[in-house]
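Following: one structure in structure tokens, then a few remarks.
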Amino acid sequence: MSGGDTLQVEVTAIERITPLIKHFTLRPVDGAPLPAFSGGSHIVVVMRDTHRVHRNPYSLLSPPSDRAAYQIAVRRMEESRGGSQFMHDQLVVGGRLEIAHPVNLFPLDKIARKHVLIAGGIGITPFLAQLEDLHDGAIPYELHYAVRSPEHAAFHERLRTREGTRLRLYYDSEAQAIDYDGLLSNQPLGTHVYVCGPAGMINRVIETARRWGWPDSHVHWEKFSPPPVGDAFEVFLARAKIAVQVLPDQSLLEAIEGAGVEVPYLCRGGVCGFCQTRVLELDGELLHHDHYLSDADKARGKSIMPCVSRATCKHLVLDL
Ligand code: FES
């Protein structure tokens, strides 16, 4: 996937569902069926702001059987680099967007004997589409959903109605917390656990599962970290023969794309590995923020994931 491979959609409904989250319905401009997807898929939404182009990944939460429209939910980020603000403040019904084809980096395991789903806040979104598949199936599952307070529990009415006792809600405001040890120490053989939410929640689930002897292959997580901000720096693209300035609130990938050079991507969150780029010369330090390169690769400094990583340097040349 790259910036050139997109579909045109129109926003046909916008609904505020919590103080921080809006729910968007997107229909194809040409009326043709949208590409098929499976629960856990995301799309990258291209937002053309006045001075910047934002490309943010959002999970599809609509039923995978519905090819007429996609639904996404967007949380307004306190420290937004512009994408979530654009979606909340500038997008109106009738507005048009480009979206990339769906990609699934967070699928349900097909041979699991049971699924334990753990969501924090906006992390509920990939599970909504997965629940459509799970609801009528024979595989047992349970959903643990933690939010700040009842008013922040997006989609809770739909979940309560459909999931009944399979749903457990936790409110920080009422000092309710997921008992990770209790949950992960006592599951039948063949259970898979999935977590999507804040980094602290994901780390807690991974660490607890390891401590109780879960194989890594049974622990699934989705973390779309927004690219961190940092100091401005300059990069030279060897094949394009151009120098590119990376602004403090811009990712290296966004700066390269802004200069008209395409880099393959899927997740734009440091997970998939698609944007891996060779570092040809460096006088300074690479600031790796991805979850893809090994510690040894990061120490070698020969590769960078420009969707999330940056550099503090006097001189950086990339093989682009
Ligand atoms: S686009 Fe997935 S790691 Fe960069």
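The values are calculated or read from the model by the stated rules, or taken from the named source; none is laboratory data. Small disclaimer: the values here were computed from a predicted structure and weren't measured. All Cβ positions, even for glycine, are placed from backbone atoms using ideal geometry, and neighbour counts span all protein chains on display.
At a glance:
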read-out: Residue list for the stretch 164-199, restricted to those being in a helix (DSSP H, G or I) and in contact with a strand residue (DSSP E or B) (Cβ under 6 Å, 6 or more places away or on another chain); value: Arg166
read-out: Residues that are over 18 Å from the mean Cα position of the chain (by Cα) and not in a strand (DSSP E or B), drawn from the stretch 110-130; value: Lys110, Ile111, Ala112, Arg113
read-out: Residue within the stretch 78-91 that is touching a Gly at 6+ places or on another chain (Cβ under 8 Å) and among the charged types (D, E, K, R) present; value: no
read-out: Of all residues in the stretch 238-251 being at pLDDT 95 or above and crowded, with 18+ Cβ neighbours inside 10 Å, the one that is farthest from the ligand (Cβ to nearest atom); value: Val244
read-out: Qualifying residues in the stretch 279-297 (those that are within 14 Å of the ligand (Cβ to nearest atom) and of a type in the set (D, E, K, R)) - the one surrounded by the most Cβ atoms within 10 Å (Cβ to Cβ); value: Asp290
read-out: Members of the stretch 145-170 found to be more than 27 Å from His218 (Cα to Cα) and surrounded by fewer than 18 Cβ atoms within 10 Å (Cβ to Cβ), listed by number; value: Arg148, Ser149, Pro150, Glu151, Glu157, Arg158, Thr161
read-out: Members of the stretch 252-265 that are closer than 18 Å to His288 by Cβ and within 12 Å of the ligand (Cβ to nearest atom); value: Leu252, Leu253, Glu254, Ile256, Val263, Tyr265
read-out: Test: residue in the stretch 216-231 that is modelled with pLDDT of 95 or more, assigned to a loop (DSSP other than H, G, I, E, B) and either in contact with a strand residue (DSSP E or B) (Cβ under 6 Å, 6 or more places away or on another chain) or not assigned by TED's automatic domain parsing to the domain that holds Gly83 (or both); value: no
read-out: Filter result for Gly269 (within 16 Å of the ligand (Cβ to nearest atom) and either assigned to a strand (DSSP E or B) or outside the structural domain of Arg52 (by TED's automatic domain parsing) (or both)); value: yes
read-out: Selection count where residues are hydrophobic (A, V, I, L, M, F, W, C) and modelled with pLDDT under 95, scope the stretch 135-155; value: 1
read-out: The listed residue being touching a Lys or Arg at 6+ places or on another chain (Cβ under 8 Å) and either buried (at least 20 other Cβ atoms within 10 Å of the Cβ) or farther than 23 Å from Glu222 by Cβ (or both), out of Arg300, Arg268; value: Arg268
